[in-house]
Amino acid sequence: MGVAARRRPGGLGPSPRALTRDAGSSVEIVSEWDVVISDAASDIDRAALRDEIHAFNIAATGFRDGAVLSCFLRDGAELVAGIDGFTWGGYARIDYLWVREELRGQGLGSRLLAATEAEARRRGCVTIVLDTHSFQAPYLYHARGYTEVGTTLDTPRGHSQTLFQKQL
């Protein structure tokens, strides 16, 4: 659902309003663009957003070496465990680690982490980061030598989320 915006003649978009700040500086504020909130963003929009962020990050850092880093364990064609993340600019990030429920506690998560860490080192990474919720497996990361570097509360409500980091 969008919010209607006043448009400039010719469909050129909204007219920005200028606000004056201290020392007479002028800042352009665009406040009348349509804001569209969606619980089902299109793949095209998500890819465009991701591409723009990546372009900004490359311009800001000079690092162009971003690459997917995924490890999977399968029983035939069926996924039983996996990690998905990336490497970029000398670090690795794990976005997802999952092990099928009946196989948890058998070392598969540790095995996947070891493989991911080894591949990150091979790619020249010096550190690896991930976050996990209090109801997931924070003990796994402690046991594998990760250090807590920050925690947020009520994410989701009644639980916490912790950022972990490990030097490789």
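The values are calculated or read from the model by the stated rules, or taken from the named source; none is laboratory data. Since the model is a prediction, treat every value here as computed from it, not as a measurement. As a convention, Cβ positions derive from the backbone with ideal geometry for all residues, glycine included, and neighbour counts pool all protein chains shown.
A few comments on the model shown:
- Residues that are assigned to a loop (DSSP other than H, G, I, E, B) and either touching a residue at least 60 places away in the same chain (Cβ under 8 Å) or under 23 Å from Ala143 (Cβ atoms) (or both) occur in the stretch 77-100; there is at least one.
- The one condition in (1) over 29 Å from Arg157 (Cβ atoms); (2) among the charged types (D, E, K, R); (3) more than 17 Å from the chain's Cα centre (by Cα) that Asp65 fails to fulfil: (3)
- Filtered residue count, the stretch 38-52, keeping only those that are surrounded by 10 or more Cβ atoms within 10 Å (Cβ to Cβ) and part of a helix (DSSP H, G or I): 8
- Evaluation of Ala55 against the conditions (1) more than 21 Å from Leu140 (Cβ to Cβ); (2) surrounded by fewer than 15 Cβ atoms within 10 Å (Cβ to Cβ); (3) in the same structural domain as Thr127 (by TED's automatic domain parsing) shows that the sole unmet condition is (3).
- Looking across Thr116, Thr127, one residue alone is β-branched (Val, Ile, Thr) and surrounded by 15 or more Cβ atoms within 10 Å (Cβ to Cβ). It is Thr116.
- Only a single item in (1) in a loop (DSSP other than H, G, I, E, B); (2) crowded, with 18+ Cβ neighbours inside 10 Å is not met by Gly145, and it is number (2).
- Residue check for Leu140: part of a strand (DSSP E or B), of a type outside the set (S, T, N, Q), on the phi < 0 side of the Ramachandran plot and crowded, with 16+ Cβ neighbours inside 10 Å: no
- Residues within the stretch 96-141 that are over 14 Å from Gln165 (Cβ atoms) and among the hydrophobic types (A, V, I, L, M, F, W, C), tallied: 12
- Within the set Gly105, Gly109, Gly124, the sole residue that is assigned to a helix (DSSP H, G or I) and among the small types (Gly, Ala, Ser) turns out to be Gly109.
- Members of the stretch 122-141 that are in contact (Cβ under 8 Å) with a residue 12 or more places away in the chain and farther than 26 Å from Val68 by Cβ: Ser134, Phe135
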